[in-house]
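Peer 1: Dropping a structure here in structure tokens format, bear with me for questions.
Every number in this text was worked out from the coordinates using simple rules, so none of it is lab data. Owing to the predicted nature of the structure, the values given are computational and were not obtained by experimental measurement. Backbone-built Cβ (ideal geometry, glycine too); neighbour counts: all protein chains shown.
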Amino acid sequence: MPTYNFKQEAEVYVVSGGTHRIHVTDISFSQTFSEDSYPVNTIHSPNDLFEASVINKANPANFKFEVPAIDEANYTILETLLRSADSFTLYVKTAADTFKLETAVITNGSFVIEKSRPLSIEIQGEASKLLRGQTFSSTAAVSPRSYMLPNVVDVTLNNSLLDSIIGVTIELQNDVEWNPYTTVAGAIAATSASNSMYPSEFTISKKILAGSITQYLTDSNTANTQQWDNNATLSIKAGNGLSDSAFRGFSFGPATCSFTNRMGTAKVFMQNYDWRVVSNSASLSSILNYVTD
């Protein structure tokens, strides 16, 4: 009887300055090959209407996974790799296979804050190559995990504390551009997936740090309704407690941002702030932090 790969059994490991076991709640990954076609019908064979195929290069692989935020420091490697956009190796192990994503880079990291569930981090990225049937072993410890709850969500905009908060997102995007990797020699030499042309190096052209804030619309929070500002001061804290010594959770700002405000007419009226950092005066490590024990 064959052994199948079940997502719920997948073990995820990030290798960067050591091996880090990451307990994910969901994961997906794939890589596609690029195909071109060309006509083969000629004067002598006018009825050959099906075009021939050329496959000699791979597109960058894609992956995404979600992890719960925990009080322990086990997952802070994700914050480090997100801010730095450094490359790493990602392994996914199941009972049947081990998959390897080479030269992986995080392109998008979202810090999700909803009052109805624990804090979580959603990671998306790209990699140069996806390999199956790899050999990998790890002694990374499976340590106890204490999930972070959004007991307090503190959002301050232009020195005013926002009330009736429903949800908040903080998202950092790394604009990854893979260096050109197709050559005439590589195209001629490609005879299978193993010697196809794969991307190998990338650059970061820009970063975007942005997010949204959703709150119920009440008679006490009308100051910013249907307004905008391109020079606002914003800070966000969500997690367990707010004192410097006790706080564990997501911390953003204070930072200079732009925002637009729009209304939403659900069963209970709401308003939504879409914000984006516009200043380069502060380093990422000083305004975006995943605070743990």
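Peer 1: Mark the label point 7 Å from the Cα of K267 along Cα→Cβ and return the residues of the range 202-234 whose backbone N is within less than 18 Å of it.
Peer 2: Within reach of a label on K267: 215-218.
Peer 1: In addition: For the range 216-267, rounded, prolate or oblate, judged on the Cα gyration tensor with a ≥ b ≥ c (square roots of eigenvalues), a/c < 1.5 rounded, else prolate if a/b > b/c?
Peer 2: oblate
Peer 1: Sorting check: for 275-285, 162-172, which peptide has the highest mean count of neighbouring beta carbons within 10 Å, and how do the rest follow?
Peer 2: Descending packing order for the listed peptides: 162-172, 275-285.
Peer 1: With Rg and the Kirkwood Rh both taken from Cα atoms, where does Rg over Rh land for the range 1-113?
Peer 2: Taking Rg over the Kirkwood Rh, I get 1.19.
Peer 1: Name the residue farthest towards the positive end of the dipole of the range 102-183 from the options F136, T107, T183, assuming +1 on Cβ of Lys and Arg, -1 on Cβ of Asp and Glu, about the Cα centre.
Peer 2: Highest projection toward the positive end goes to F136.
Peer 1: Here's something else I'd like to know. Would you mind putting 184-195, 52-63 in packing order, based on average other-beta-carbon counts within 10 Å, highest first?
Peer 2: 52-63, 184-195
Peer 1: Hey, rough spin-label estimate for W228 and A187, points 7 angstrom out along Cα→Cβ, what's it come to in nanometres?
Peer 2: 4.4
Peer 1: Could you tell me the ratio Rg/Rh of the chain? Both radii from Cα atoms, Rh via Kirkwood.
Peer 2: A ratio of 1.07.
Peer 1: Quote the FRET efficiency, to the nearest 0.05, computed for S279 versus E51 with a Förster distance R0 of 45 Å and r equal to the Cβ-Cβ distance.
Peer 2: Efficiency, rounded to the nearest 0.05: 0.30.
Peer 1: Can you compute the helix-only [θ] at 222 nm over the chain? Use -39500 (n - 2.57) per DSSP H run of at least 4 residues, normalise by all residues, nearest 500 deg cm²/dmol.
Peer 2: Estimated from H runs of four or more residues: -1500 deg cm²/dmol.
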